[in-house]
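Below is one structure, written out as structure tokens; the observations come after it.
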Amino acid sequence: MAVCIAVIAKENYPLYIRSVPIQNELKFHYTVHTSLDVVEEKISAVGKAMADQRELYLGLLYPTEDYKVYGCVTNSKVKFVIVADSSNTSLRDNEIRSMFRKLHNSFTDVMCNPFYNPGDTIQSKAFDSMVSAMMVQAS
Amino acid sequence: MAQCVQSVQELIQDSFVPKVAVLCSEDAQKITRKNNLNFSELLRPFCRLTSEGHMRDSNNQVQVVKNLRISVNNVVTRPSVPTSGVHSPAQRRLLSEVVSASQPAEGGVANVITAGDYDLNISATTPWFEAYRESFLQSMPASDHEFLNHYLACLLVVSSSEAVPVEQFLKLSQEQHMIQHNGEYTNPKWFIPNTLKYYVLLHDMSQGDEQRADSVYEDMKQRYGSQGCYLLKINSRTAAAGTDEQIPDPWSQYLNKSSLQSQVRNPAMPCDESSNRQSINKGLRFNHTTPALTLVLCGRSCKLLDYKGKHSCELPSDKPTRRAKSLQFYTGVAAGTSHGACLTLNDHNRLRLFIQEFTFRGLLPHIEKNIRQLNDQLVSRKGLSRSLFSVTKKLFGGGKVPEKSIAELKNTSGLLYHPEAPELQIRKMADLCFLVQHYELAYSCYHTAKKDFLSDQAMLYAAGALEMAAVSAFLQGGAQRPYPAHYMDTAIQTYRDVCKNKVLAERCALFSAEVLKSQAKYSDAATLLIKMTSEDSDLCSALLLEQAAHCFINMRNPMVRKFAFHMILAGHRFSKAGQKRHALRCYCQAMQVYKGKGWSLAEDHINFTIGRQSFTLRQPENAVLAFRHILTNDSQQTATQQGAFLREYLYVYRNVPGVCEVALPQLPLPCINSSATRVYFGHERRLAEGEKQAATHVSLDQEFDQDLAAVWQDLEEQVVAAANRGVVPSTFYPTQCCLNSQTDNLHFPLAVVEEPIIVEVAFRNPLKVPLVLSDLSLLWKFTLKDFSRPQPQDVMVGDAVTITNEKEAIAPRVRKGKGGIPSVCKFLTFSLLSWQARLKLLPRQTGQLTILGLVYNLASTPSTGDSTINSNSPSVRGRQDLEIQGPRLNQTKEEKTSVSHGPDRRLDPTITPPMPLLEVFFLQFPTALLCGEIRKAYVEFCNVSHVPLCGLRVASTHPDFFTFGSSSLATPLTPLSPTSFENCSAYKTLATPPGATPGSVTAVTLVSAADFGSGGGGVFGTGGKRVAEIPLGEGTLTPGESTQLPLWLRGPDQEGVHEINFLFYYEGAEKGGKISHRVLRHTVFICASRSLSVRATACRSNTLPEEEGRNGSMLVFVDVENINTSEAGVREFHIAQVSSSSKQWRLHKCINPAENKDCKLTTRERGKLCFRATRCKPHEATSKSLEKYTFADLSLGNEQIISSTTPCADFFFRRCQSSESWRPLIAVETQGRHSRSQGAGPGGGAEDITGVVRKCNEVDLDIIVLWKAFVVEDNKQVILEGQLHVALQTIGKEACSLRQKEEAQEMVLLKFKPELPPPMTRPSMEQLSHLIKTNLHYPESYSHSFVQKSLCMIPVILTLSNCSLAQVDAIIDLRHKTTSPESLEVHGSFTWLGKTQYKLQLRAQEVMRLPLRAGFLHAGVYNLGTPRVFAKLADQGAMCETSQQTATPALIIINST
């Protein structure tokens, strides 16, 4: 389960960022922001020609001492970042993938909302609850 | 990694240089002391060799030594600090000192890196890091596992002035030998047992005997060989002579730094002189040179200085001045003279030559010799033993490796080879080769040594060898050997993990990173550097993190965010290490990445840290700026966090020195929505005063409504036009009392002196914590101008001076010029709310005022959440400016393409001379009325200014709602007329003469419309003028005077709530002021409820005209229905009187059934009244060319209301006005009708038939129904009165008192094409039938004796009257038989006798009688209405139109007798 989930706009500002409340929120902000460099690197590493067939899932972006950071980029260059605890060994690639899929679907729903102004921060209850479901339950 | 001044090769070479020790005799020291230097210091600037050296390696190949540098140091025998692998506190202090001394140059080199959408301004170099590295490398303790910084040679220096210099040499030589071999001193480590001794004879040119020196030198040459000794002549200049001569001082740049280092350095450490780099020295601050100073004063003694001493002797100048100056100062204090004062340039050259000679003739051959020796030893040993040994080790030791390694690991640091151990010899040789730049050989030696050490599990030695192998492989250059990066990694790992020697690991990492950087492997370098960070040393970690950050930004795809993040980490470590300046710099650089990218949490964090660091660094301005950012941004922080930020900000703010003396600083909180600022000119109104109800006017509490503003402007335009004889002056500009963002603010608003200006400022608190504002006041600027003088004198008074608590002294000066400013002092708390403050200014003089902003105290509430405001909670005083941007211009193309804003002069009012000020009060003003109800109220006008007032006018959106009465009729101003009805009737009444029957005409009055329209100019023709002049007594109101006037109100015809706007207009008595007029607004809401509905129809009367004397007579049916729905209120309505008003018609008589005399109508009851109307007398209609109205009153009750006087007639005429203005379409139609009918005179155009026909159907009669309503109100019966108007226009068409239908017709479709004139339709039969009115005149019954005479002949007179104004041809056909079945049933028919067809011509309105005779054969009832009358207009020629007069049955009874 994730400890921090973030959605970042094409222009690299956060649309949504949520972390486990008991932990240091600032740290996660920094982590997610720094991970964008890796995301960019990964995107540019894949050739331009391959950009179309490119898989959205970017895999493990980088591990830190305590966390693993996973990334995913939609076709509209919106980035999803999931930070998971390194100690959580049960989390396999497949689970991460499915989490991203869920996140993407939910994000698509948000975008489909006619009252949502693209580029605004996401303030959707449905999205919130979906994200909470994916987060580590703070005890 | 940031760019360095040195290349990597240079760096490594300079880090490992041959070291030379110095032993000096006392006398020699004296000589050098003259220059304020000791011998090693004296040589230091000249230690880099400019020329190439040569040496032969073991294979006799010539090796070039380029750019060699040697390091000369005094021998210090202090016992070494044990090499523990960590820095001693003193060393740490030194390093931290070095780093903090090196700060980025102000406005120094910064390169802009563009990465993606980031433009970063990053200092390209990091001199503090280089300084750190250099000082770190120099502070490396000499260890046993490597020989690079062991002394290779020793200079023995003896003065020529010595009595026996040779003896002295011997003494020194023995001393050296003792130091090296006695075993007493461990510290100065010597490379090779037989250290090279070089004998230097120092000769003082200014003192000694040169010849003696030469002879001693000759002697020395004999003894030590010419290559082993040197005669150095210095001090060729006398101190006194050469003061004016400017000699370069190459020592200064070395000395202050090296002395700084040496004071904390382990004295036994050979003190390497620093390389020649300006950049570091630039960064040196003067106050950091003070330790150097103390050191110099202490002379050669290298005792550790107490650091506290540094502070005690701190120099007074703490500002970094220019380097030259500071140096001068430094030297001046130190010894009165500069370094090398006794040295000429020639001496410099001699020193240089000496070093060169020493190196090339002494040192290099010595090294060469040693290399050869070592090589020989190694070669001899190699063959058997070593290799055999290693093989056996491999064979037998293989299985035990893990066990052994663990054991080995434990004591690796303890494992020591004997200094002369064979394993070390190869290392020694490698080091020697390395020092003389013979890297190839060095590499192979290191490589071999590494293998040996590894096999011995001597990990420290192995790591050292690995490190140096990698370095020398790198320095070989070319493609001979790839750089073995893994060697480095292994070395670092071993140093750190196995040997626990952080210092060595760090050194190794520094080299490795530098090498990787030079190979553009930034990512590896960064990883390495980050790996090297540890909890042990914050400073080191900070520096390494910073370098890692630089690595990230220098990558091919710059990783900006990683850069930023590591910068922050570095900043964090810097701050932990106490390097506040560096921390601040790091955060600032990182800020560039985070700024404005939406990562608010991170941004806040950085800003907060910057703020704190800036504050501790005494840069409160920057701190305030940073804190501002946190507070102004829409923060996502929690409330407690925000509260903390706020308190911190306030704290910092209060500590900004001198902030309140010059100008108050800008405060960031709360946000002021400048554009929402509203400005109100004038007093705050009292809304009610006792019974009086004041005019609402405009107040700040009202919302601005664009539509309403347009209505008011329209009204004002009308009233101004009325006041200026129908023309709106070009300078007209609508009065705006309350300015806001939507009003037109292009003009300077006008304010009147002595009348307050109220400024409403909208605040918003973006934080989640409450803010406390207090002592709010406005900040303004005022220019005095006297408008009464032709040339106003501009006097600036109190330029932007504010009245603040701190400036009580300034306040009186302001007051003199401007007048008291009541500032609103408030304490308030609010959170996340919008809130408005109203501040009042009272101008006392004329001039130009500019409101600049606000001053207030800002404080936070205590964090306890206590709502009571603690008066001693920290508050700061500051200002915020009000800058209002005008609306965006969008008129011209340029304005559309660019973004430009118009001016907004809301806050720049012009103060004008006094103007009259009107206050209006209403008395007995109702809020609810029945439709058409007449009520009398009073209005009081009061001039509250000191200036007379005149030209009072009023304009209203509903002119038919009120009247002031007609002035010409001399309306009595007394509220009640003596003849009035007992319950204060608004009407003027007369008691009905007792004899008169109700319903008969009692009064006919002729009234000119002008009499009633005079209030607002002509009633008709001006069309929709809604302005009335208010009849003031003398036309002016003197100051303080007030007048009460009666006012009649009539409930609107439409039910519902009506908003009625009054605009009172008035002028000052003096013309030509800045303000031409002033206005006062009043809005009332009247709730109108339904009363009666009156419908009226006019019918042509068929009676003969003669009966009523004139040709015209009509029947008017009036249907009155009580449509009042309020059951409780109105009990019943009485129709008191019906009056008519018309130019042509008048009501004549009531022909109602008589029994319902009083005509009462209870709820939902309908009554019908029938009246006969006649035309007015012809002379009345045409008299005086004045179109006078005839008012006819038909009283149904017992008193007559004089409808031709004030209120009734007023409302009648006002209704006409308004109906015209409200129904422009109809008005046009009416006009068209008039013009057509005029054109249709005799011989008029053929197309005018319609007009002619219509004309004869026109009535134009207005019925006024006056009613009384009996209302129960609070158990009291109240009689209300009212009047309703019905305008009859056409015969047969029903007219209604309500306008609903007509208004529905107003909704005309929008037409985009000009409408074609409607085709001339022929008048319909129906219409034509009205041209001629027929009437049969005959006896109603006739007795005839058919017995006597079978034929009964009865004369019948057919009266034909032409209703139209044209000539009509009529044909009367008598032959026509009735075809209706009823008439057939009639038993007998009759015949017309005589001529059966007549052709007649009727002139306009002519009445003709035609005698006919009818013949009857039987008795019975006959219908005589059979004659057919065909009419056509005489001038229609062929277009003969016929019409049938639909005859009413004209029955005649023929009796037979």
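Pairs of Cα atoms nearer than 8 Å and 6+ residues apart set the relative contact order; for chain A it is 31 percent. Taking a Cβ cut-off of under 15 Å around B:MET1353, the surrounding Lys, Arg, Asp and Glu residues balance to a net charge of +3, with basic ones at +1 and acidic ones at -1. With K and R counted +1 and D and E -1, the other residues having a Cβ less than 15 Å from that of B:ARG496 yield a net charge of -2. Look at the alpha carbon pairs under 8 Å that are at least 6 residues apart: their mean separation over the length of the stretch B:568-613 gives a relative contact order of 37 percent.
Extension gain, B:LYS893-B:SER455: 0.36 nm per intervening residue step, less the Cα-Cα distance, totals 149.0 nm. When the Cα gyration tensor is reduced to axis lengths a ≥ b ≥ c, the ratio a/c is 1.5 or higher for the stretch B:464-593, and with a/b not above b/c it is classed as oblate. If you take all other residues with their beta carbon under 9 Å from the beta carbon of B:CYS942, and give Lys and Arg +1 and Asp and Glu -1, the sum is -3.
Modelled spin labels at B:THR731 and A:LEU56, positioned 7 Å past Cα toward Cβ, are 7.1 nm from each other.
For A:ASN105 and B:GLN9, the FRET efficiency from 1/(1 + (r/R0)^6), where r spans their Cβ atoms and R0 equals 45 Å, is about 0.20. Once the C-beta distance of B:GLU1132 and B:ASP1274 is scaled by a Förster radius of 22 Å, the resulting FRET efficiency is 0.75 to the nearest 0.05.
Counting, for every residue in B:597-607, the Cβ atoms of other protein chains within 10 Å of its Cβ and taking the mean gives 5. Spin-label pair B:ASN60-B:SER1343: with each label point 7 Å from Cα along the Cα-Cβ axis, the two points sit 19.0 nm from one another.
Modelled spin labels at A:ARG97 and B:PHE748, positioned 7 Å past Cα toward Cβ, are 7.6 nm from each other.
Quick note: the coordinates plus some simple rules give every number you see, no bench work behind them. Just so you know, these numbers come straight off a predicted model, no measurement behind them. Reconstructed Cβ throughout: ideal geometry from the backbone, glycine too, with neighbour counts over all protein chains shown.
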